[in-house]
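Trainee: Have a look at the structure that comes next, please.
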Amino acid sequence: MACKTMTMMRFTPRGYGGTRRDPDQVRRDGWHELGLLAVSVDDPRLSWPEREMVVQLGCKLYGPRASEGGHGDG
């Protein structure tokens, strides 16, 4: 039997104001504040060697992507 309090809960929070941060700003803040780097291999600001380095780092740290079929092994 379901708990009656669950049916009264709101799933959309109300009273929260503010604006959503730009994804690039979130990544920038992560770099400056935590030393974390979130990079897309498809980022047009990167040159081919830079994109390849990102792929190699990702494969080394987390293994190959499903779409790569083993690219970067070793």
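Trainee: Please count how many residues of the stretch 34-58 are within 16 Å of the chain's Cα centre (by Cα) and either surrounded by 11 or more Cβ atoms within 10 Å (Cβ to Cβ) or not aliphatic (A, V, I, L, M) (or both).
Mentor: Number satisfying all stated conditions: 11.
Trainee: Return the residues of the stretch 43-74 that are at pLDDT 95 or above, out of contact with any Gly (no Cβ under 9 Å at 6 or more places or on another chain) and of a type in the set (D, E, K, R); say none if nothing qualifies.
Mentor: Asp43, Arg45, Glu50, Arg51, Glu52
The values are calculated or read from the model by the stated rules, or taken from the named source; none is laboratory data. This structure is a prediction, so every number in the text was calculated from the model and none was measured. Cβ sites come from the backbone with ideal geometry, for glycine too, and all protein chains shown count toward neighbours.
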